[in-house]
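The values are calculated or read from the model by the stated rules, or taken from the named source; none is laboratory data. Just so it is clear, the model here is predicted, and its values are computed rather than measured. Methodologically, a virtual Cβ is constructed for each residue, glycine included, from the backbone with ideal geometry; neighbour enumeration extends over all protein chains shown.
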Amino acid sequence: MSRSLFQPDLPADAPLVRVVIERGLDSPDGLTYAVPPELGEVKVGDRVRAPLGRHDRAAEGLVVEVLTDPADIRDALAALGRRVKPLLARAPARPKARTHAAPFPPGLLRLAEWISHYYCCPLGMVLGTMVPAAVKRGVGARATRVLDRARGIPPGVPTGGEPLGALGPSARAAWARIESLAGEAFPVEPRALRDTLGLRTLAPINRLVRAGLLVEREVPGVRARQAPQHGFDIQNSPVPPP
């Protein structure tokens, strides 16, 4: 694969994504960008900031397709025949926020694609109409702290190199119970893990985080009132073909 189609500071095997901008652009199916390594894994539904136009003005958009297979990347680059700009960043949950915007639900994305084809309207304009203004401003956005078990830990030795025996009795007992939990139990919020383990405080869990046995991260979400139930599941409801 030729590196000439990438920006000079991007690896030749960088994944490609198709991003739709919430504007009426000449490319109704989206624009192709490369994913720089510092952004990590980008998935369909993620909101990102992409360079737009000759002056690379930052514009927010939605990822609707991800290409990671080398053959697919090679074919896409050959079809484009031009340089592929890298994404700038993930879109924040709200202006100047440190957390990322919550991903767009897959069911709503399928509905938006159907509307776009049926009414011959650019997908970006459809998505811009579907997302409420309050959501774009980050009203109700929050970050939830969750914990996961660290990967690649040798038996009895945390990632920080501290022997398991150096932990206190309560932390060792908590870790023994955590090791017996199924993988589906993670990621989990700290208080939920405390209740599952039957602990009175979060102190043993925080000790395991400092030792490197548990890894904490933030998951974006939206704080909202309970919506009324109408018996309609947008995630699993079939969308009629265009």
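I'm trying to understand the selection: among the residues of the stretch 60-83, which are closer than 20 Å to residue 108 by Cα and buried (at least 16 other Cβ atoms within 10 Å of the Cβ)?
Result: 60, 61, 62, 63, 64, 66.
Within the stretch 163-192, restricting attention to residues that are under 11 Å from residue 208 (Cβ atoms) and not in a helix (DSSP H, G or I), which residue is modelled with the highest pLDDT?
If we take residues in the stretch 163-192 being under 11 Å from residue 208 (Cβ atoms) and not in a helix (DSSP H, G or I), then 168 is modelled with the highest pLDDT.
Every residue in the stretch 35-59 that is crowded, with 21+ Cβ neighbours inside 10 Å and not in a loop (DSSP other than H, G, I, E, B), please.
Those that are crowded, with 21+ Cβ neighbours inside 10 Å and not in a loop (DSSP other than H, G, I, E, B): 47, 48, 50.
Within the bounds of the stretch 105-122, is there any residue that is assigned to a loop (DSSP other than H, G, I, E, B), at positive phi and modelled with pLDDT of 70 or more?
Looking for residues that are assigned to a loop (DSSP other than H, G, I, E, B), at positive phi and modelled with pLDDT of 70 or more, one finds at least one in the stretch 105-122, hence yes.
Just one of the numbered conditions (1) modelled with pLDDT under 70; (2) closer than 30 Å to residue 213 by Cβ; (3) surrounded by fewer than 16 Cβ atoms within 10 Å (Cβ to Cβ) is not true of residue 140; which one?
Exception for residue 140: condition (2).
Name the one entry in 219, 215, 239, 209 that is at pLDDT 85 or above and either on the phi > 0 side of the Ramachandran plot or outside any helix (DSSP H, G or I) (or both).
So the residue among 219, 215, 239, 209 that is at pLDDT 85 or above and either on the phi > 0 side of the Ramachandran plot or outside any helix (DSSP H, G or I) (or both) is 215.
Being modelled with pLDDT of 85 or more and more than 16 Å from the chain's Cα centre (by Cα) is the filter; apply it to the stretch 35-67 and report the residue that is nearest to residue 133 (Cα to Cα).
Filtering first and then ranking leaves 59.
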